[in-house]
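The block underneath contains the structure these notes are about, expressed in structure tokens.
The values are calculated or read from the model by the stated rules, or taken from the named source; none is laboratory data. Since the structure is predicted, the reported quantities are computational estimates derived from the model, not experimental observations. A quick note on method: Cβ atoms are made from the backbone with ideal geometry, for glycine too, and the neighbour counts reach across all protein chains shown. Note: accessible area is taken over every heavy atom of the protein model, side chains too, but ligands, DNA and RNA are not part of it. Shrake-Rupley method; radii C 1.70, N 1.55, O 1.52, S 1.80 Å.
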Amino acid sequence: MALSPQWLDELRARVTLSTVIMRTDKLQKAGREWKACCPFHDEKSPSFTVNDQKGFYHCFGCGAHGDVIRWMTDQRGMGFMDAVKELAAEAGMEVPAPDPVAAKKAEKRASLIDVTTDAQQWFMDNLRSGSSAEAREAQEYLKGRGLTRKVLDEFGFGYAPENKQALAGALSKFDETMLVETGMRIATVDGTKYDRFRGRIMLPIQDARGRVIAFGGRILGKREGIAKYLNSPDTPLFDKGRTLYNLHRASPASRQTNRVIVVEGYMDVVALAQAGFEDAVAPLGTALTEMQLEMLWRMVEVPTLCFDGDNAGQKAAMRAIGRALPMLAPGRSLNIVRLPSGMDPDDLIAKSGPQAMEKLLSEPASLLETLWEFERDAQPLDSPEAKAGLKKRLLDHVDTIGHGDIAALYRRELLDRYSAFAFPPREPRGGSSSNWRGGDRQGFGKPRNPTLSAEARGQLQRAMSGGMRDALSRAVIAGLVRHPHEISRHSEALTRLAQLDPKTNDLVESLFELAETLDSGGTNAISEAQGLPAPPDDSRYAFLREGTTPSDASEELAEAVSLLVERPALDAALLATIARFDEDPEGSMAEQARLRQSQTLLNDRLKAFGRRKAAQAATTDLTSTPDDDPASDFRTD
């Protein structure tokens with residue numbers, strides 16, 4: 001029965017190990033893992049752990065270790081094929097039928113590994129012997145790269161001579177077709193055969209079990225028209241999209257560091273290993289594939305991509321992000337480390353030492369942050385059309401995310417950043433706003449201008465005299481006039497309100513001007529010199545009642561501002577969703593339903609807020625005016 005390693009990996013990925021184990025044994029959640037008393041030996045304290053991300057269980061008491069298939073065979077006493085069939089049925093996979101041809105291929109694969117193993121030994125012997133000028137030049141090159149003998153031996157460095165027939169002679173015990181099938185030799189259409197790797201420093205590429213399955217070769221110096229790096233082609237042993245260089249070393253190291261570093265090439269892996277970073281892997285001449293991402297996520301929840309600081313490195317990071325977005329899941333993401341421009345890990349370590357690399361790795365950017373910065377900086381944003389293009393690109397990325405909750409969170413976060421970037425707050429009339437937004441808070445209430453402008457005064461007078469359409473809006477404006485020090489606290493929310501409802505823009509700017517010009521140091525923030533009427537003493541709102549403590553007034557005013565801004569935000573989101581109905585009818589309808597439900601919940605919150613105010617009024621023997629419906633402070637027309 002032909003069960004390829006790829007098929008078995010897929011089976012393991014589709015079945016959750018803890019779920020299988022909990023059918024017979026009780027597990028207890030312990031952080032990202034599960035723990036229990038070991039089912040393989042008697043113990044009183046739990047030493048048995050299960051890690052779903054890595055797909056294995058391990059007992060620190062008796063050493064029992066394995067994956068989900070091993071669990072079925074060792075703990076359940078099932079035969080290998082019986083275990084596979086049961087798990088496959090659960091995972092919805094079809095077990096491959098008995099195939100004599102596939103069995104023969106598996107046998108052949110074992111024979112091909114003999115070829116690559118012997119080739120590796122021959123390459124290493126060539127380099128170590130230094131018996132030729134070429135080999136001595138290779139030794140000098142590696143010495144110049146600062147690589148130690150220990151690292152050269154650990155990673156199996158070797159040398160392939162320039163001679164086109166050297167490998168065939170050295171591995172003459174193997175049939176010529178086997179040398180071609182392993183990618184060691186090239187056969188032309190006219191029947192000519194010659195060595196693929198010539199005049200190159202050689203590195204073995206190994207599978208997860210440490211078996212040599214392919215090679216990578218690097219030329220010495222620069223040679224016109226010759227690729228610097230050359231990898232084996234895809235063969236029965238080697239699939240570059242399903243292989244990560246150094247995985248067999250990095251996997252056990254990552255269990256100690258809880259980290260895996262993904263770099264661009266195998267020489268970067270070697271440089272990091274020599275500097276003490278043993279948890280690094282690299283793709284092999286391609287962008288990260290979906291299968292490679294799955295392999296990384298089985299090691300850790302958030303792998304760290306560390307690509308060169310040049311444009312090519314940043315584009316490689318974005319290609320990886322593009323592959324990862326549809327596969328994101330709760331707790332599963334990517335971190336991004338951006339090296340200094342023009343530097344690779346080897347350059348950085350040589351110049352600034354391992355501590356510089358460690359510092360970068362300890363302060364990675366998130367996937368979302370990298371996505372935002374890349375698209376923001378991708379092209380000049382000097383026109384409304386260019387800014388609209390940025391928004392479209394961001395939302396196009398969000399639309400590829402498969403997990404609904406994650407997509408919604410990305411959409412909100414990216415649109416918040418976009419709004420802050422594309423619609424920055426305009427300076428209040430009268431000058432800079434540095435004293436009221438994130439600047440010198442001590443200068444707040446120490447006006448540059450002794451009086452409020454006539455336009456701002458008129459805006460606020462009209463708002464407090466019934467110019468706003470609903471009771472909540474009038475109350476919020478009056479509350480901010482009564483407590484102008486709160487304007488600074490709510491500056492972002494007010495700016496957001498002005499963006500969502502342009503009709504409020506002038507009123508919001510008037511509030512910002514008030515924050516700068518009013519003397520709020522006295523007991524009453526409203527000075528007759530400003531020409532403003534005192535805000536009403538409305539008993540329904542704590543922030544408008546005389547005698548309310550500053551903390552109570554601040555708390556209730558914050559809730560009122562939040563409710564005031566949330567309504568137009570939902571309205572705008574609903575309109576945007578309706579507008580894209582033709583492009584994505586199903587997605588638009590689902591989003592509309594979600595937003596309408598949010599509107600209903602908001603109305604319920606508004607009614608509850610109104611009832612609470614009415615109850616407070618009753619306790620103070622005050623009655624509401626006929627205009628103000630205590631059930632809701634916000635009209636819904």
Inset, instruction - Please go through the stretch 43-68 and pick out each residue that is among the hydrophobic types (A, V, I, L, M, F, W, C) and crowded, with 19+ Cβ neighbours inside 10 Å. - result: Phe48, Val50, Phe56, Cys59, Ala64, Val68
Inset, instruction - For the stretch 169-181, state whether one or more residues are of a type in the set (A, V, I, L, M), out of contact with any helix residue (DSSP H, G or I) (no Cβ under 9 Å at 6 or more places or on another chain), over 30 Å from Pro354 (Cβ atoms) and surrounded by fewer than 18 Cβ atoms within 10 Å (Cβ to Cβ). - result: yes
Inset, instruction - Quick one: which strands (runs of 3 or more DSSP E) lie wholly within the stretch 192-255 and hold at least 2 residues that are open to solvent by less than 20 Å² (accessible area, probe 1.4 Å) and touching a helix residue (DSSP H, G or I) at 6+ places or on another chain (Cβ under 8 Å)? - result: 200-206, 212-219
Legend entry - the stretch 267-298, subset surrounded by fewer than 18 Cβ atoms within 10 Å (Cβ to Cβ) and part of a loop (DSSP other than H, G, I, E, B), residue farthest from the chain's Cα centre (by Cα): Gly276
Legend entry - Contacts under 9 angstrom Cβ, first residue in the stretch 247-268 being closer than 13 Å to Cys306 by Cβ, partner β-branched (Val, Ile, Thr) and open to solvent by 20 Å² or more (accessible area, probe 1.4 Å), 6 or more apart: Arg259/Val302
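Looking at Leu367, Leu339 in this structure, which one is in contact with an Asp or Glu (Cβ under 8 Å, 6 or more places away or on another chain), at pLDDT 90 or above and not basic (Lys, Arg)? Full working, then the answer.
Working: Leu367 fails: in contact with an Asp or Glu (Cβ under 8 Å, 6 or more places away or on another chain).
Among Leu367, Leu339, only Leu339 is in contact with an Asp or Glu (Cβ under 8 Å, 6 or more places away or on another chain), at pLDDT 90 or above and not basic (Lys, Arg).
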Inset, instruction - Scan (1) more than 32 Å from the chain's Cα centre (by Cα); (2) exposed (fewer than 14 other Cβ atoms within 10 Å of the Cβ); (3) more than 25 Å from Ser251 (Cα to Cα) for the single condition Gly92 breaks and write down its number. - result: (1)
Inset, instruction - Among the residues of the stretch 1-42, count how many are of a type in the set (A, V, I, L, M) and either open to solvent by 50 Å² or more (accessible area, probe 1.4 Å) or touching a Phe, Trp or Tyr at 6+ places or on another chain (Cβ under 8 Å) (or both). - result: 8
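Would you point out which residue out of Pro424, Pro380, Pro447 is open to solvent by 40 Å² or more (accessible area, probe 1.4 Å), out of contact with any Lys or Arg (no Cβ under 7 Å at 6 or more places or on another chain), in a loop (DSSP other than H, G, I, E, B) and at pLDDT 85 or above?
Working: Pro424 fails: at pLDDT 85 or above; Pro447 fails: at pLDDT 85 or above.
Answer to the check: Pro380.
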Inset, instruction - Quickly run through the stretch 306-343 and pick out the residues that are more than 30 Å from Arg14 (Cα to Cα), assigned to a loop (DSSP other than H, G, I, E, B) and open to solvent by 40 Å² or more (accessible area, probe 1.4 Å). - result: Asp310, Pro340, Ser341, Gly342
Inset, instruction - Could you tell me whether any residue of the stretch 596-604 is closer than 24 Å to Ala408 by Cα, surrounded by 12 or more Cβ atoms within 10 Å (Cβ to Cβ) and over 34 Å from the mean Cα position of the chain (by Cα)? - result: yes
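With respect to Ala454, is the statement that it is free of Cβ contacts under 8 Å to residues at least 24 places away in the same chain and either open to solvent by 20 Å² or more (accessible area, probe 1.4 Å) or out of contact with any Lys or Arg (no Cβ under 9 Å at 6 or more places or on another chain) (or both) true? Break it down into steps so the answer makes sense when it comes.
Details: free of Cβ contacts under 8 Å to residues at least 24 places away in the same chain: yes; either open to solvent by 20 Å² or more (accessible area, probe 1.4 Å) or out of contact with any Lys or Arg (no Cβ under 9 Å at 6 or more places or on another chain) (or both): yes.
So Ala454 passes the test.
In the stretch 344-372, what count of residues is obtained for those that are assigned to a loop (DSSP other than H, G, I, E, B) and open to solvent by 50 Å² or more (accessible area, probe 1.4 Å)?
Going residue by residue through the stretch 344-372, those that are assigned to a loop (DSSP other than H, G, I, E, B) are 344, 353, 363-364.
Remaining after also requiring open to solvent by 50 Å² or more (accessible area, probe 1.4 Å): 363.
Of the residues in the stretch 344-372, 1 are assigned to a loop (DSSP other than H, G, I, E, B) and open to solvent by 50 Å² or more (accessible area, probe 1.4 Å).
Considering only residues of the stretch 26-43 that are farther than 22 Å from Gly331 by Cα and in contact (Cβ under 8 Å) with a residue 24 or more places away in the chain, which is nearest to the chain's Cα centre (by Cα)?
Filtering the stretch 26-43 for residues farther than 22 Å from Gly331 by Cα gives 26, 36-43.
Checking the rest, the ones that are also in contact (Cβ under 8 Å) with a residue 24 or more places away in the chain come to 38-40.
On the way: Cys38: 35, Pro39: 37, Phe40: 38 Å.
Ranking the candidates gives Cys38 first.
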